[in-house]
Structures are given as structure tokens and as C-alpha cells.
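All remarks here apply to the structure that follows.
Values quoted throughout were computed directly from the atomic coordinates according to the rules given, and no laboratory measurement underlies them. Since this is a predicted model, take the numbers as computed values, not measurements. Please note: Cβ atoms are built from the backbone with ideal geometry, for glycine as well, and neighbour counts cover all protein chains shown.
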Amino acid sequence: MFKKLRQHLFSGPETGVSTNVEPEPAATLSDSEVLACWKRHVTDGRNVEVFRPKNSVAPSQAVLFLHGHGRVMLNENLHFSRLFQDHNLAAVCPDGQRSWWLDVLCEEFDSQRTPQQWLIETIVPFIETELGISCPNIALLGVSMGGQGALHLAYRYSSRFPAVAAISPAVDFFQLYGSGLPLDQMFPDVEAARQASVVLNLQPLAWPRYQFFCCDPSDTEWFDGCARLAMKLSSSGIMYERDLETSGGGHSWDYFNLMAPKAISHILRAAPQ
């Protein structure tokens, strides 16, 4: 079904071509010292992992990471942590349960406030207070469920979050409707869930200036949704960067870690000068 899509996406340079900027050399901190930069906070009864790089200069940019459906944070991930340390980036990883990070109530998360409202009303002020960094210097990063959540948030609040990087975003999350997940409670039917997808909620006149997403071609579950998103962005004349060619593990942390340097390099382009 997506043979023509793949041919179009891999046919050559256009607005969606991604770059491949290598990260700076690793810092001299040991692995344990890098991971020790993470500290756990509790906000509204939910865990929030915070990374403060050990450098002589305070970070001027923070990364708000949205986790996937498995709720795996980055506080034990040396690949991402090294990149944060090397590039003097602060990072915040809140626990959003299996909420899909949407502006839709999820009973598992909170019966009164949507995950997106919580991010805007609580986590962003938390970052401002704890790290002294405010929008637009808060970049969004996410994997899988969190990748589509990061794109959703960036498209809705593009002036606040001009930089977003999504690794293997579950763009067509509505495919999981009816699987017995919290998603079933969040929407009355699969069509309602589809209407909430990223592809159908683009803002042609208000989009994040620095947006990047990637997906392994062997990721059979989510690649087609990313291809559709790329086509929609291109046809709308929206500037973006993508990598839908690099393969390395499918929908897994092997691939997420592989693409981490490219995602962070993209975020750094939006760093304050």
C-alpha cells in the first residue's frame, strides 16, 4: 500500500531530508558519574526524573522527554545521558502512565486533568523553577507513544516549543484501539481516536521551526504512519527533517539509542545563541 510513499520519500532531496551531524566527543565523566546526574523528584504524586549536567556553565536549554507505552525513563540510559552531559543539556522525564500524552482525559493518569494540561500547567513551570529554563528553550523529545505526544504538543504550542524530535513516533496509535489498553477508555470508538492523531491535527500556519522525526523501515507497526506524516507535511509546505532510511533494530531501544545522536543534534540547532 505504501510502495509509492516509500519511493517518494527515498527519491532524493526535498524539504524533508534529514542531516547527520555527529555529536561532540564524550565528556571525561565516568559512566556512573554521568548517571549520577539524574535525581528523582515527585510532582503531583508522580515521579519526575531530572538530569543536571556537571559543567562549569549552567545549561541554557532543557529537554522534556516523553516516554513510550512501557514507561521507560532515561535515568538509566547511558546513551542519552552521555549526550545530555556532552552538550550541556538539562533533561526532565515525567511519568505520564499510558496516557498517550494527549489532551484527552485518561483515567489511569488523572480523571480531572489531561496529560497535556499537566505538562503545560505543572511540568513547564517545574522546569522554570528547578532549572531556570523557560520556553522557547525547552525542546521536546519522545520515543514511540511519547514521540507522537511530543509532536502533538509541538504542533499545538509551536511558539512555546519550536524544537521537537520524535523517534519512532506512534503516529497511527488508533490502530491499537480495542486492544484492552487505556486508549479504549479515552475514546468512544476507533474513528474518534483517529481524529486525534497527529496527521489530522497539523497547523499549516503555526508549526515548530525545528522538527525532526525518524522511524526504522523495518518497524512494521509504525513506519507507515510516519510515511503518511511526511507526505502530509511535504504537501502542506511545512519544513521538517526526517530519517526514514536508517535501520537498526526495528521498534526497540537499540534503534532509539542509535538515533539519539541525530535527534539531539537536531535539538541543538534551536539552542539560544
Count the net charge of all other residues whose Cβ sits under 14 Å from the Cβ of Tyr155, scoring Lys and Arg as +1 and Asp and Glu as -1.
+3
Charge tally in the Cβ shell below 14 Å around Phe80, where Lys, Arg are +1 and Asp, Glu are -1, Phe80 excluded
-3
From Cα pairs below 8 angstrom and at least 6 apart in sequence, can you work out the relative contact order of the stretch 154-218, rounded to a whole percent?
54
Could you tell me how many cubic angstrom of Cα convex hull volume the stretch 3-268 has per residue?
121
Over the alpha-carbon set of the stretch 101-212, work out the extent along each principal axis and list the three values in angstrom, largest first.
42, 30, 23
About the Cα centre, charge dipole magnitude for the stretch 115-249 (Lys/Arg +1, Asp/Glu -1 at Cβ), debye
460
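Set the Förster distance to 25 Å, then compute FRET efficiency between Ser60 and Gln112 from the Cβ-Cβ distance, nearest 0.05. Display every interim value, and only then the final one.
Working: r = 35 Å, r/R0 = 1.38.
Step by step, r from the Cβ atoms, then E = 0.10.
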Relative contact order of the chain (C-alpha contacts under 8 Å, at least 6 apart) in percent is 20
Under a 10 Å cutoff between Cα atoms, tell me which one of Ala192, Ala62, Ala227 has the largest fluctuation in the Gaussian network model of the chain.
Ala192
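Going by average Cβ neighbours within 10 Å, how do the peptides 115-128, 232-245 rank, with the highest at the top? Don't skip to the answer; put the middle values down first.
On the way: 115-128: 18.4, 232-245: 16.7.
For the peptides 115-128, 232-245, the packing ranking is 115-128, 232-245.
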With only alpha-carbon atoms counted, please give the Rg and Dmax of the stretch 178-245, in Å.
13.9, 38
Scoring only Lys, Arg, Asp and Glu (+1, +1, -1, -1) among other residues with Cβ under 14 Å from the Cβ of Phe213 yields -3
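Please report, largest first and rounded to whole Å, the three semi-axes of the ellipsoid equivalent to the stretch 52-139, where each semi-axis is the square root of five times an eigenvalue of the C-alpha gyration tensor. It would help to have the intermediate numbers written out before the result.
Working: eigenvalues 129, 50, 13 Å².
Its equivalent ellipsoid spans semi-axes of 25, 16, 8 Å.
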Using a Gaussian network model on the chain with a 10 Å cutoff between Cα atoms, which of Leu205, Leu105, Leu151 fluctuates the most?
Leu205
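Considering only lysines 8 or more places apart in sequence, or on different chains, count the pairs in the chain whose C-alpha atoms sit under 24 Å apart.
Details: Lys3/Lys232; Lys4/Lys232; Lys39/Lys54; Lys54/Lys262; Lys232/Lys262.
Here the count comes out as 5.
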Pick out which of Leu176, Leu64, Leu141 has the largest mean-square fluctuation in a Gaussian network model of the chain, springs linking Cα atoms closer than 10 Å.
Leu176
